[in-house]
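Below is one structure, written out as structure tokens; the observations come after it.
The values are calculated or read from the model by the stated rules, or taken from the named source; none is laboratory data. Predicted, not measured: the structure shown is a model, and the values here were computed from it. Because the Cβ atoms are built from the backbone with ideal geometry, glycine has one as well, and the counts that use them run over all protein chains shown.
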């Protein structure tokens, strides 16, 4: 049995309801464990609410019949496990409980205030050095994002500390808009693959927990998935704009833009794609560089690579982190391993460029997985990117095939390596 066949049999068992049942049941268990054992107050609060949504979805998965009903359950599950906990935490925070948001929410909102006041979201190293060493002041002063992320902090900066100005609300709205657009663009794939694709970016605990407690990765993921969907339809200039919007928010989107650029080159559409994918993040970054170049370098490059005044709290025990902390000269070794992996992927892309969007999504997923595992500072939550990209592969492949794309001649399975195009 091929890799495609075994995945298809699992995915389609009982018309998709078997996998739904496993997804929602395991997610309920995860939420319950999180509510009881997590050391992070926002995570415990999420688990205490989300567990009931997952349990209801588990019961529904036993009862419902047909793809339309499964789609409704997916949507309601997202509302119950991500949006409801998010709104409750935003209301509690606006009511005076600061422990109902992760640090990145505060960072983005402060960046929005600085953007409004000074034209740049960044403080330079000298300004950060004047802040107290004890506590979180220096950590929260760093903005390890592209300038576009500060836009999510503007509602609170220009109005008040109401619940609806919480940056997470705006993360969620942009995420929803991007995902709905992406699913609409690839609707030719058929409803069952779209349901699985939607679940990968919404109700998986990696995504629902992130949206309710921090949320900054979700609009980046949504825009990247929109870029892939547009590329699958052959709309590479529009895909470049979506990839560029994601890249203007966070560095994590840059590998997505790079691989899609290689794909666009195979279609002789590189310039159209690159105009948005490269031009948009450059335009967004340029004002911050012109206003205070040193501040931009300190936040965007020095801090993420461990050269800031404080270290990143992203310390999940993946191989790169273990090497960096357990071996002499470990951080340098971890960076060398990461660079070697990046070089190997670059060589692979040049030798076997992805000629379909589905294969490009697989390249992106494997590349990001390697980066997450090897980075000296990383988070478990970053896995939401490669997981979502891999699960979207079948829907992208179907959309390309249904659209009659000549580049979709070679099918790619979600867990099957394509001998021509996938690492």
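Only helices (runs of 4 or more DSSP H) whose full extent lies in the stretch 1-110 are considered here, and the ones with at least 3 residues that are surrounded by fewer than 19 Cβ atoms within 10 Å (Cβ to Cβ), touching a helix residue (DSSP H, G or I) at 6+ places or on another chain (Cβ under 7 Å) and at pLDDT 95 or above are 17-37, 41-63, 84-94. Return the only residue of 222, 215 being surrounded by 22 or more Cβ atoms within 10 Å (Cβ to Cβ) and in a loop (DSSP other than H, G, I, E, B). Step by step, each of 222, 215 is checked, and only 215 is surrounded by 22 or more Cβ atoms within 10 Å (Cβ to Cβ) and in a loop (DSSP other than H, G, I, E, B).
Looking across the stretch 286-298, the residues that are under 15 Å from residue 144 (Cα atoms) and either touching a helix residue (DSSP H, G or I) at 6+ places or on another chain (Cβ under 6 Å) or not in a helix (DSSP H, G or I) (or both) come down to 288, 289, 296, 298. Looking at 131, 123, just one residue is in a loop (DSSP other than H, G, I, E, B), touching a residue at least 24 places away in the same chain (Cβ under 8 Å) and farther than 22 Å from residue 219 by Cβ, and that residue is 123.
Residues that are in contact with a helix residue (DSSP H, G or I) (Cβ under 9 Å, 6 or more places away or on another chain), surrounded by 15 or more Cβ atoms within 10 Å (Cβ to Cβ) and closer than 16 Å to residue 120 by Cβ occur at least once in the stretch 274-281.
Considering only residues in the stretch 180-191 that are buried (at least 22 other Cβ atoms within 10 Å of the Cβ), part of a helix (DSSP H, G or I) and over 18 Å from the mean Cα position of the chain (by Cα), the one that is modelled with the highest pLDDT turns out to be 185. Of the residues 138, 114, the single one that is more than 21 Å from residue 283 (Cα to Cα) and out of contact with any strand residue (DSSP E or B) (no Cβ under 9 Å at 6 or more places or on another chain) is 138. The residues of the stretch 306-324 that are in contact (Cβ under 8 Å) with a residue 40 or more places away in the chain and farther than 15 Å from residue 370 by Cα, listed by number, are 306, 308, 309, 310, 311, 312, 313, 314, 315, 324.
Does any residue of the stretch 334-350 turn out to be more than 19 Å from residue 254 (Cα to Cα) and buried (at least 17 other Cβ atoms within 10 Å of the Cβ)? Scanning the stretch 334-350, I find at least one residue that is more than 19 Å from residue 254 (Cα to Cα) and buried (at least 17 other Cβ atoms within 10 Å of the Cβ), so the answer is yes.
This table checks each residue for (1) buried (at least 18 other Cβ atoms within 10 Å of the Cβ); (2) out of contact with any helix residue (DSSP H, G or I) (no Cβ under 8 Å at 6 or more places or on another chain); (3) under 28 Å from residue 208 (Cα atoms).
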position	(1), (2), (3)
127	no, no, no
130	no, yes, no
133	no, yes, no
138	yes, no, no
142	yes, no, yes
145	yes, no, yes
149	yes, no, yes
154	yes, no, yes
167	yes, no, yes
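All of 307, 315 fail the test of being touching a strand residue (DSSP E or B) at 6+ places or on another chain (Cβ under 9 Å) and within 24 Å of residue 217 (Cβ to Cβ), apart from 315.
Is it true that some residue in the stretch 259-272 is surrounded by 18 or more Cβ atoms within 10 Å (Cβ to Cβ) and in contact with a strand residue (DSSP E or B) (Cβ under 6 Å, 6 or more places away or on another chain)? Within the stretch 259-272 (the criterion being surrounded by 18 or more Cβ atoms within 10 Å (Cβ to Cβ) and in contact with a strand residue (DSSP E or B) (Cβ under 6 Å, 6 or more places away or on another chain)), the answer is no, since none of the residues qualifies. Restricting 230, 209, 194, 249 to those that are farther than 30 Å from residue 21 by Cα, buried (at least 22 other Cβ atoms within 10 Å of the Cβ), over 12 Å from the mean Cα position of the chain (by Cα) and touching a residue at least 12 places away in the same chain (Cβ under 8 Å) reduces the list to 230. Within the stretch 170-179, one or more residues are over 25 Å from residue 52 (Cα atoms) and surrounded by fewer than 22 Cβ atoms within 10 Å (Cβ to Cβ).
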